[in-house]
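Read the structure below first, then the notes.
The values are calculated or read from the model by the stated rules, or taken from the named source; none is laboratory data. This structure is a prediction, so every number in the text was calculated from the model and none was measured. Positions of Cβ are backbone-derived with ideal geometry, glycine not excepted, and every protein chain shown enters the neighbour counts. What goes into the accessible areas is simple: the full protein's heavy atoms, side chains included, and nothing from ligands, DNA or RNA. Shrake-Rupley method; radii C 1.70, N 1.55, O 1.52, S 1.80 Å.
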Amino acid sequence: YLQDDQSCWLTMLEGLDADGLEDEEGIIHPDSNIPPDLQKRIKQVCRTKASSAVQEAMSKAMTDPISFEMFEDAVKAIKSDKAPGPSMVTTNIIKAWSRETLNYAYTLIHGLWEAKHIPKWWSDHILCPAPKKSNDPVIDNIRPIGLFEVIRKVWTGIIGSRIHMVWDAHDILH
């Protein structure tokens, strides 16, 4: 999704040129695991200009303030007993915060959001090996996972939910 002063476009990932990667079959990338018919549909969607209604809804989803109630509901909804990020603050710790502590965290993060600032430490993560199947220690069945800060996942989850609501309301990607 890209937006400039004149228009809003659903677009390819940065660095991908659909015209340059297209082969005789019209697919985006011949080595992809994505079925060719789905690649063609993705390419078509990526070339489609978003309607003004979608533009407005996406802008609203990305700029409307996040209320304390939304933040509090998102904290309540996170699953317990999940691995923490670099700060070692777990989901259980955050869920146990008093309303006053939760409000303090909300005020700090909301201030960063309003200032359009993303803390550098939100990009920090712990890289951990995880088995693809439980109790399978064979090295070929290990995958790396990145553990990000729980509070970051809560905040970005709210934004992601808003974007999904726009997509659902406008029947995008269905």
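Please name all residue pairs, on different chains or six or more residues apart, with Cβ atoms under 9 Å, provided the first residue is in the stretch 113-127 and is in contact (Cβ under 8 Å) with a residue 60 or more places away in the chain and the second residue is open to solvent by 100 Å² or more (accessible area, probe 1.4 Å).
none
How about the stretch 117-143: which of its residues are assigned to a loop (DSSP other than H, G, I, E, B) and loosely packed, with under 14 Cβ neighbours inside 10 Å? Show your work before the answer.
Quick first cut of the stretch 117-143, residues assigned to a loop (DSSP other than H, G, I, E, B) only: 117-119, 124-125, 132-138.
Matches in the stretch 117-143: His117, Ile118, Pro119, Lys132, Lys133, Ser134, Asn135, Asp136, Pro137, Val138.
What are the residues in the stretch 73-106 that are of a type outside the set (Gly, Ala, Ser), closer than 18 Å to Ile159 by Cβ and surrounded by fewer than 16 Cβ atoms within 10 Å (Cβ to Cβ), if any?
Asp73, Lys76
With the structure loaded, tell me whether Ala74 is within 26 Å of Ile126 (Cα to Cα), among the hydrophobic types (A, V, I, L, M, F, W, C) and in a helix (DSSP H, G or I) or whether it fails that test. Explain how you work it out, then say what you get.
Numbers: within 26 Å of Ile126 (Cα to Cα): yes; among the hydrophobic types (A, V, I, L, M, F, W, C): yes; in a helix (DSSP H, G or I): yes.
So Ala74 fits the description; yes.
Anything in the stretch 91-116 that is outside any helix (DSSP H, G or I) and among the polar types (S, T, N, Q)? List them, or say none.
Applying the first criterion (outside any helix (DSSP H, G or I)) to the stretch 91-116 yields 97-98, 115-116.
Once the filter is applied, which keeps residues that are outside any helix (DSSP H, G or I) and among the polar types (S, T, N, Q), the stretch 91-116 yields only Ser98.
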